[in-house]
Amino acid sequence: MNNWLSRKIATLVNKRLELPPPPPGPPPFLSSPSLGTRGRQLAAYQGWVYAAVNAIARRLAGVPLRLFRGPEAGGAEVIRHPVLDLLRRPNPILTGRQMRHTLATHLELTGMAFLLVVDNALGRPAELWPLSPADLIEISSGPDTRRAITGFVFSGPQGQRIPYRPAEVLYFRHPSPSSLIYGASPIEAMAHAFDIDLAVRIYQRNFFRNSARPEVVLATDQRLTEDEARRVLTRWRQKHQGLAHVFEPTILDGGLKAQPLAYSSKDFEFASLAGWTQDNILAAYGVPAGKLGLVKDVNRANATGIDITFNAECIRPRLELWEDVLNAFLLPRYGAGLVLRHDNPVPSDRAQAHREAMQQLDRGVITINEARAAQGRPPVPWGEAPLPRQPGPLLEAGFKSAGLEEEVERALRQGWPRLEGRLHGWSPARVRQELAARPGLISNLLPPGLTPARRLELQTGLAACLERGLSLNQTLEQLAAGRCGGAS
């Protein structure tokens, strides 16, 4: 019996059947107790984790770092210094931007990043080399808080233990709630979301590779030999495989029946689950979805708000963490009184800055030359004196326009700000076009009880004032004096 089975198996092997490849093994889940290592966290640099970490690392690597002589960056900027040369070109194979990008990637994936400081013959730092957190074996701690960290032990290329003194390593880490020595990985905090995202992507890949399941089954009650089955499958593929044979009819003989296999609805329900994992992973890193281009219908105002939030809440705290380590452990080797500071990564809101500058100019808080100096522009001879005081919101309460009905003035004061905000920044031609297309914008401002002639007169005057971009008080003055358009 055994000899017969052996011959049968050998026959099948010799025919070299086209068997499907074995299914892939289970994905390396981060939440598994035996797999939650720093090497596994570095391997998580894919999918939404890659998108979030890469966005952070690119931005961190591009923010300029400046050196100042004086307390808390209050002194003069130092343009030329050995530490600036070191940070600009840390070693023969990396630029400063590449080193910072690598440092940020390690820090965001494992919660820890290391720079090996290599001294020259004079005992000054000559090179900086990133050390992989995956090679970290242990961080040695001392007997008390006077020597909290006594050394770092890394694994070498041949697996040997390489110890480093604390002075040889710059240690960056995200604070951990469970350890004062080791850092906390953001991806570890969202390990389940990453595991689900990885499983969904593997499932979808296998699904589109047919998921080891045929589209149609050719069934028959008759028993077919192996050669007959191969002949039927070959003819079926030749007749129906490829775009050129789509929707062509077929004829089945020998009692064959074509039975299509339908997919269940659960195969298509993973889109919502993928959105859930995306939101959780991006939230763990503080990266807005709009920063990755995942939000549709983004206008300029929304894009500016997203950029400000990303840089203020995500980038600036990480830059300050880098500054603390460099100022505490690297700069003291160059003497006292030096401070490293990054440029402010948060972009200014130009529209808000413009509104504030105009309000200050209108109220005489600053002069033209002071506003120009804030923008880096040279002074002008006519910009030393404050502008003449213009009517504004602070004067509206005490302003009373003579010659205008009280109910009209009251209605305009109530509805004008909304209309003025709608048309703010528009050209006169666009304002004229909008008012002609929507006459109710002005007519709804006016109170009931006016005669048709008076209503038409006020509508014409208000339209002319809006085209000229006049403020509320200026409009009331013009209407009361009969100088705005057709008002009399």
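The values are calculated or read from the model by the stated rules, or taken from the named source; none is laboratory data. What you see is a predicted model; the values in this text were computed from it and never measured. A quick note on method: Cβ atoms are made from the backbone with ideal geometry, for glycine too, and the neighbour counts reach across all protein chains shown.
Residue pairs whose Cβ atoms lie under 8 Å apart, separated by 6 or more positions or on different chains, with the first residue in the stretch 179-192 and polar (S, T, N, Q) and the second at pLDDT below 85, are Ser185/Arg38; Ser185/Gln41.
Does the stretch 101-114 include one or more residues that are part of a strand (DSSP E or B) and of a type in the set (Ser, Thr, Tyr)?
Step one: list which residues in the stretch 101-114 are part of a strand (DSSP E or B), which gives 112-114.
After this cut, where a residue has to be of a type in the set (Ser, Thr, Tyr) as well, the list is none.
Scanning the stretch 101-114 turns up no residue that is part of a strand (DSSP E or B) and of a type in the set (Ser, Thr, Tyr).
Under the condition of being under 18 Å from Leu456 (Cα atoms) and surrounded by 12 or more Cβ atoms within 10 Å (Cβ to Cβ), which residue from the stretch 398-414 is modelled with the lowest pLDDT? Looking at the filtered set, the residue picked out is Leu404. Of the numbered criteria (1) of a type in the set (S, T, N, Q); (2) in a loop (DSSP other than H, G, I, E, B); (3) at pLDDT 80 or above, the one Gln459 fails is (2). Of Glu127, Glu77, all but one fail to be more than 30 Å from Tyr45 (Cα to Cα), part of a strand (DSSP E or B) and modelled with pLDDT under 95; the exception is Glu77.
Filtering the stretch 164-188 down to residues that are surrounded by fewer than 17 Cβ atoms within 10 Å (Cβ to Cβ) and among the aliphatic types (A, V, I, L, M), which residue is farthest from Val53 (Cα to Cα)? Among them, the one singled out is Ala167.
All conditions but one from (1) at pLDDT below 80; (2) touching a His at 6+ places or on another chain (Cβ under 9 Å) apply to Pro26; the one that does not is (2). In this structure, does Gly364 turn out to be touching a Leu at 6+ places or on another chain (Cβ under 7 Å) and farther than 26 Å from Gly111 by Cβ? Yes. Only a single criterion out of (1) buried (at least 18 other Cβ atoms within 10 Å of the Cβ); (2) on the phi > 0 side of the Ramachandran plot is not satisfied by Leu107, namely (2).
Consider the stretch 125-144 and keep the residues that are in contact (Cβ under 8 Å) with a residue 60 or more places away in the chain and in contact with a Lys or Arg (Cβ under 7 Å, 6 or more places away or on another chain). The one that is farthest from Leu94 (Cα to Cα) is Leu136.
Somewhere in the stretch 306-315, is a residue of a type in the set (Phe, Trp, Tyr), assigned to a helix (DSSP H, G or I) and modelled with pLDDT under 80? Full working, then the answer.
Applying the first criterion (of a type in the set (Phe, Trp, Tyr)) to the stretch 306-315 yields 310.
Then drop every residue that is not assigned to a helix (DSSP H, G or I), which leaves 310.
With the extra rule that they be modelled with pLDDT under 80, the set shrinks to none.
There is no residue in the stretch 306-315 that is of a type in the set (Phe, Trp, Tyr), assigned to a helix (DSSP H, G or I) and modelled with pLDDT under 80.
For the stretch 318-337, taking the residues that are hydrophobic (A, V, I, L, M, F, W, C) and part of a helix (DSSP H, G or I), the one that is surrounded by the fewest Cβ atoms within 10 Å (Cβ to Cβ) is identified as Ala328. Please go through the stretch 338-362 and give me each residue that is over 20 Å from Gly305 (Cα atoms) and either in the same structural domain as Asp307 (by TED's automatic domain parsing) or loosely packed, with under 15 Cβ neighbours inside 10 Å (or both), ordered by number. Within the stretch 338-362, Leu338, Val339, Leu340, Arg341, His342, Met358, Gln359 meet the criteria.
On the given criteria, is Glu168 farther than 23 Å from Arg38 by Cβ, in contact with a strand residue (DSSP E or B) (Cβ under 6 Å, 6 or more places away or on another chain) and modelled with pLDDT of 90 or more? Let's see the steps before the verdict.
Working: farther than 23 Å from Arg38 by Cβ: no; in contact with a strand residue (DSSP E or B) (Cβ under 6 Å, 6 or more places away or on another chain): yes; modelled with pLDDT of 90 or more: yes.
So Glu168 fails the test.
Sub-8 Å Cβ pairs linking a first residue in the stretch 407-433 that is outside the structural domain of Ala463 (by TED's automatic domain parsing) to a second residue that is among the hydrophobic types (A, V, I, L, M, F, W, C), at least 6 apart or interchain, number zero.
When the stretch 434-455 is filtered for residues that are touching a residue at least 12 places away in the same chain (Cβ under 8 Å) and over 17 Å from Val408 (Cβ atoms), the ones remaining, listed by number, are Leu435, Pro439.
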